[in-house]
Amino acid sequence: MTLPSPLHRRALALVLAVATTLALAACSSSATGTDADSACLSFDVALTDLPLAPDPKTHQGESTACLDDTGITPVTTDARQSLPATVTDNQGTEVTVTDTSRILALDIYGSLAATVFGLGLGDSVVGRDTSTSFAGAADLPVVTQNGHELNAEAILELNPSVVITDSSIGPWDVVLQVREAGIPVIVTTPERNLDNVGELVGMVAAALGVPAAGEALTERVTSEIAAEVAAIAEVTPADPADRPRILFLYVRGNAGVYYIFGEESGADALIRALGGVDVAGEIGWQGMRPMTAEALVKAQPDILLMMTKGLESVGGVDGLLERIPAVAETPAGANRRIVDMSDYEILSFGPRSAAVLDALARAIYAPDASGAVPR
């Protein structure tokens, strides 16, 4: 697939920075009164064995997708490490790492820290960004502020031996300050999609001196994604005309932020992997752009994918329909067919990609079964 342009990446960074800032201020309970923890029920039954909705396009009612386990299973607990390790990062900078005892992995998605944990080096991670909230990392000190703004003082206080980041997070002056303090900083690709997981894992593994673990993690994640996509294909309607038309709608009601995530945003790859029709791409919607009522009505989605905090910020489905009347003019609005998932999981491409796909597929194709609970 075509990768997002720098402009689209900056737009995503801005949108998600606003998202996290407001999410931190929001309460943890659902706007509709549902206990978030209650959404995660039994995942003992495989997706392909679940009772499916007769028609995923016309099913009525909203649901929440959740992960069976929010933790990261390492590919090894005893990675064979070779240091010093020298890599040329995504910006063409040659960086040598001699010590990985105190790692910081920071980005807007939480993918880099998840990758470090997946490589078996989670015990060496000493801090986190706001998006890194999975089990095993949630209690680490946060080194970002105001959403996704790097805090130089907080970073340096942790005395990291290596920092892995990307251009999705900033300000860049802080990155330079950390480098000037003599700390190796590796800048990875900011692209996040289902096709470049191996590239991201490979760069992180090479920088940390565990290339073999990187190969093993890449093989595991790519095979898990392939298996999940195959499972989803089994429950996807055979006739393309019967497949759900899906749109990723990003909202932050308190800030008046309403975006449609289109082609090259990452959401398009997610929707296609779910066996859906990416209606934003169908209407030529590129990247992340402010929503218009005209575009929403033209797209006519059967299902809206949303981040949980975003849905909460407008008062749940009722509030969404009230604040954006155009939603009611779509099949998704008429059927209240809203599927939400944690802000920190739904676009976290990386070691948890297959689990994210599985959770969303359950909510789309088997919304009345376990693992997808009506809100």
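Since every read-out is calculated from the coordinates, none of them should be taken as a lab result. Quantities reported herein were computed from a predicted structural model and do not represent experimental measurements. As a convention, Cβ positions derive from the backbone with ideal geometry for all residues, glycine included, and neighbour counts pool all protein chains shown.
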query = Efficiency by 1/(1 + (r/R0)^6): what FRET value for Ala181 and Ala138, r their Cβ-Cβ distance, R0 = 22 Å, to the nearest 0.05?
reply = 0.25
ask   = How large is Rg over Rh for region 85-220, taking Rg from the Cα atoms and Rh as the Kirkwood inverse mean of 1/r across Cα pairs?
value = 0.92
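Once you wrap a convex hull around the alpha carbon atoms of the chain, what is its projected area averaged over all directions, in nm²?
Mean orientational projected area (the chain, Cα hull): 16.7 nm².
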Cβ-defined net charge surrounding Ala46, 11 Å radius [Lys, Arg +1; Asp, Glu -1] = -4
query = Tell me, what is the percent relative contact order of the chain, built from C-alpha pairs under 8 Å that lie six or more residues apart?
reply = 26 percent
ask   = Any idea what Rg and Dmax come out to for region 214-352 if you just take the C-alpha atoms, in Å?
value = 15.5, 49
